[in-house]
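Contents: one structure, followed by commentary.
The values are calculated or read from the model by the stated rules, or taken from the named source; none is laboratory data. Note that the structure is a prediction, hence the values are computed from the model and not measured. Cβ placement follows ideal geometry from the backbone for every residue including glycine, while neighbour counts extend to all protein chains displayed. The area values use the complete protein model at the heavy-atom level, side chains included, leaving out ligands, DNA and RNA. Shrake-Rupley method; radii C 1.70, N 1.55, O 1.52, S 1.80 Å.
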Amino acid sequence: MSNLHADTVAFVRDTMLPQKEPPASTVGLLGWGKKNLFTGPFNTIVTILCTAFIAYVLWMLIPWFFSPTWNATSLGECREMLTAAGKVGEHGTSGACWGVIRERWIQLLFGFYPAELYWRPILAFVLLAPALAPVLFSDKVPGKLLIFSAIYPFLFPWLLWGGTIWSPICAALGFVILYAVVKYGSEAIGQLGAIIAAVVAALVWWLFLSGYVQDGLAAVIPLAIEPVASRDFGGMMLSITIGVVAIACSLPLGIVLALGRQSDLLIVKSLCVGFIEFIRGVPLITLLFVASTLLNIFLPPGTNFDIILRVIIMATLFSAAYMAEVIRGGLAALPKGQYEGADSLGLDYWQAQRLIIMPQALKISIPGIVSTFIGLFKDTTLVSVIGLLDPLGLSNSIRADQAWNGIVWELYMFIAALFFLFCFGMSRYSMYLERKLQTGHR
Amino acid sequence: MSDLATDREIDRSKMQVSDEVAIEINKMNKWYGTFHVLRDIDLTVYRGERIVIAGPSGSGKSTLIRCINRLEEHQEGQIIVDGTELTSDLKNIDKIRSEVGMCFQHFNLFPHLTILENCTLAPIWVRKVPKKEAEATAMHFLEKVKIPDQANKYPGQLSGGQQQRVAIARSLCMKPRIMLFDEPTSALDPEMIKEVLDTMIELAEEGMTMLCVTHEMGFARQVANRVIFMDAGQIVEQNEPEEFFNNPKSERTKLFLSQILGH
């Protein structure tokens, strides 16, 4: 090549380069390790130190877990077994006492629910799967299952609390009334009027009429299963009941509150802002105390308002306030163009919200929504403070037993494992959902 | 900037302006807070007209066409679209919006729906067209904008030019009688501008009533029958493109044209 200007500047490629394999040290297991664990001396040292630390912790913990105490019937017996196995350290015996889990696991799951009726909560929670499937995995499950999802909210309390079959049917009838009045009333008195009339009609039905109708029907056709009182509920079953119902109710309520907060209507907006700020400014535990004690003072004497129902309502309101703010974040993240796009096509407010805005806002808020769900589910343990026997409440009453007095780690670990299972499941599902809803790079 | 939007001969057989009024704007005023954006706008658009609105940024040209389908609310005066006056009556607004198509600078496609769903959504929910029929219409218009093979992709997977053509198809699926374009090519690479302009030219050739806010003076010259120049919230000059470009009357127009055609 000469040094002439023309030779160095002008350039024409006559053959295109073929694609080459990347260097072997950057692909496969080797490449992964090099990139993620051993980049440079500092990272290599950190990797080695962390591995050593994890190994040390496991080395100390694992012997505690593998402990031959499965069949023990008291803490004292555990200690004898451990001594016999030679597991004695400086501070007495060292090893888990798993006997308490063997003896009490069923109580930690069901509380004091009558043992011969365990099939009912089990069936209720098993049926939860087909009821949730069309909602959670809408693309893999036939849409017809949604009918079952609609029936399930009435089936679920009936299976748990028992009683006459007419009470869930009457509760469902309220929704039928709501729907019918909206559908046929819209023509006569306009949409807004019909919605208000429908809500009033349904409330009148639920609060005043349905009780009589239910008793009447039960007297004529007595179809009932054995009723179970709320004070017998307990354990994980109670946590899941409160958690699932509050989760299912708080999402729609949160959406409504978030939309209300963005509304142009001053009254609606102030009501929503006031509600959200009040609930967020008050600890959940105070709301639960209100539910357990104060509500009885305000309600007319003789009103039998179930304690679990009261707790569910409070938990729902509490998480709905947080949910509203999470969803508002999603709404704020949507470009204004999406509203304009929907408007310019002639979609009305509700169509635009349902078809364009909410699907996107909810998708953006999935991590926050699921965090709120997880938080709510864990907060159900607070009900032990007002005397409901959730797993934590039960762990106290188990310790009150002479045989297990002084046992702490094993019980908490078991309860933690149960909660982790559910919370981790929710977290994984949210990641699946985010991946599924990923469309292109925008 | 190329002086012409297209090299081909434009078929003018159907480009006819009738004397039926499509849009009538009388003494319309609009403020953003205390800022007077649109001042005493008077404009009559006849069916079949192809109007290009030009002007420096901030002159109110986007606001003007956004008032026509009430994306912006005007405070004084009258806007009558297809015989219906725009008031705060929501029914009228939704009716007008479904008759008037609009394309935006940033496309505003719905990223969570496929191209086909983007196009069928409004016909199905607003016009209550059966899904099958809406899909057939959508495919027809997607073919017209030459991207039927992308129907099942998501907007995020398409190039800017393709997205804008989808946006045009999406508006056309509502069978609008008037199309508004709000700087449809300003967010596009030069290579993609042409494909969008071609689509718009074809639309004009079919006799669509169009109002375009654009800086594409080649398009204005070849396709428009009227060019409106706006500055500081008012219509400064309007004329046939030939006269407008070759013989501008106002000083403001001359300055603007020398700046945008100068290089």
- For residues in region A:112-138 being under 18 Å from the mean Cα position of the chain (by Cα) and aromatic (F, W, Y), which is farthest from A:I240 (Cα to Cα)? A:F137
- Item | Lone qualifier among A:I386, A:I357 - being open to solvent by less than 50 Å² (accessible area, probe 1.4 Å), within 29 Å of the chain's Cα centre (by Cα) and closer than 23 Å to A:L317 by Cα | A:I386
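Out of A:V383, A:V326, which single residue is touching a residue at least 40 places away in the same chain (Cβ under 8 Å), more than 30 Å from A:R231 (Cα to Cα) and touching a Gly at 6+ places or on another chain (Cβ under 8 Å)? Before you say what the answer is, go through the steps one by one.
Values: A:V383 fails: more than 30 Å from A:R231 (Cα to Cα).
Just a single option satisfies the conditions, and that option is A:V326.
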- Restricting the first residue to region A:9-21 and requiring it to be in a loop (DSSP other than H, G, I, E, B), which pairs with a second residue that is of a type in the set (V, I, T) meet a Cβ separation below 9 Å and a spacing of at least six or different chains? A:E21/A:V27
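Matching residues to (1) open to solvent by less than 10 Å² (accessible area, probe 1.4 Å); (2) touching a strand residue (DSSP E or B) at 6+ places or on another chain (Cβ under 8 Å); (3) modelled with pLDDT of 90 or more:
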{"residue": "B:V166", "(1), (2), (3)": "yes, no, yes"}
{"residue": "B:A169", "(1), (2), (3)": "yes, no, yes"}
{"residue": "B:K175", "(1), (2), (3)": "no, no, yes"}
{"residue": "B:P190", "(1), (2), (3)": "no, no, no"}
{"residue": "B:T209", "(1), (2), (3)": "yes, yes, yes"}
{"residue": "B:H215", "(1), (2), (3)": "no, yes, no"}
{"residue": "B:F229", "(1), (2), (3)": "yes, yes, yes"}
{"residue": "B:E242", "(1), (2), (3)": "no, no, no"}
{"residue": "B:N246", "(1), (2), (3)": "no, no, no"}
- Message: Against the definition (outside the structural domain of A:F233 (by TED's automatic domain parsing), within 20 Å of A:L411 (Cβ to Cβ) and in a loop (DSSP other than H, G, I, E, B)), how does A:T69 come out, yes or no?
- Response: yes
- State yes or no: is A:G341 open to solvent by less than 10 Å² (accessible area, probe 1.4 Å), part of a helix (DSSP H, G or I) and in contact with a Phe, Trp or Tyr (Cβ under 7 Å, 6 or more places away or on another chain)? yes
- Evaluate region B:196-203: report whether one residue or more is surrounded by fewer than 20 Cβ atoms within 10 Å (Cβ to Cβ), of a type outside the set (D, E) and touching a strand residue (DSSP E or B) at 6+ places or on another chain (Cβ under 9 Å). no
- Message: Which residue is modelled with the lowest pLDDT, if the candidates are limited to region A:398-442 and must be within 14 Å of another protein chain (Cβ to nearest Cβ) and in contact with a Gly (Cβ under 8 Å, 6 or more places away or on another chain)?
- Response: A:R442
- Counting just the residues of region B:71-107 that are on the phi > 0 side of the Ramachandran plot and open to solvent by 30 Å² or more (accessible area, probe 1.4 Å), which one comes out nearest to the chain's Cα centre (by Cα)? B:D82
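Per-residue answers, yes or no, for (1) away from chain B (no Cβ under 14 Å); (2) closer than 27 Å to B:P184 by Cβ; (3) crowded, with 19+ Cβ neighbours inside 10 Å; (4) modelled with pLDDT under 90:
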{"position": "A:P300", "(1), (2), (3), (4)": "yes, no, no, yes"}
{"position": "A:L317", "(1), (2), (3), (4)": "yes, no, yes, no"}
{"position": "A:Y322", "(1), (2), (3), (4)": "yes, no, yes, no"}
{"position": "A:A352", "(1), (2), (3), (4)": "no, yes, yes, no"}
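If we scan region B:139-146, do we find a residue that is of a type outside the set (S, T, Y), open to solvent by 40 Å² or more (accessible area, probe 1.4 Å) and facing chain A (nearest Cβ under 9 Å)?
Pass one, region B:139-146, residues of a type outside the set (S, T, Y): B:139-146.
Narrowing further to those that are open to solvent by 40 Å² or more (accessible area, probe 1.4 Å): B:139-140, B:143-144, B:146.
Among the residues that remain, those that are also facing chain A (nearest Cβ under 9 Å) are: none.
Checked region B:139-146: no residue is of a type outside the set (S, T, Y), open to solvent by 40 Å² or more (accessible area, probe 1.4 Å) and facing chain A (nearest Cβ under 9 Å).
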- For region B:130-153, indicate whether the set of residues that are over 23 Å from A:L334 (Cβ atoms) and in contact (Cβ under 8 Å) with a residue 60 or more places away in the chain is non-empty. no
- Note on the structure: Listed by first then second residue, the pairs whose first member lies in region A:91-105 and is surrounded by 21 or more Cβ atoms within 10 Å (Cβ to Cβ) and assigned to a helix (DSSP H, G or I), whose partner is modelled with pLDDT of 85 or more and small (G, A, S), with beta carbons under 7 Å and at least 6 positions apart or on separate chains, are A:G99/A:A72
- Note on the structure: Scanning region B:84-102 for residues that are in contact (Cβ under 8 Å) with a residue 12 or more places away in the chain, more than 9 Å from every other protein chain (Cβ to nearest Cβ) and not hydroxyl-bearing (S, T, Y) gives B:L86
- Message: Quick check on my filter: what residues within region A:365-381 are buried (at least 20 other Cβ atoms within 10 Å of the Cβ) and within 14 Å of another protein chain (Cβ to nearest Cβ)?
- Response: A:S365
- Item | Residues satisfying the stated conditions in region A:395-422, i.e. aliphatic (A, V, I, L, M) and touching a Leu at 6+ places or on another chain (Cβ under 6 Å) | A:I407
- Given the residues B:T44, B:T63, B:T34, which is the only one that is of a type in the set (S, T, Y) and open to solvent by less than 40 Å² (accessible area, probe 1.4 Å)? B:T63
- Restricting region A:389-399 to residues that are part of a helix (DSSP H, G or I), touching a residue at least 24 places away in the same chain (Cβ under 8 Å) and not small (G, A, S), which is surrounded by the fewest Cβ atoms within 10 Å (Cβ to Cβ)? A:I398
- Query: Given (1) at pLDDT 90 or above; (2) over 26 Å from A:K363 (Cβ atoms); (3) buried (at least 17 other Cβ atoms within 10 Å of the Cβ), where does A:V228 come up short, assuming only one miss?
  - Reply: (1)
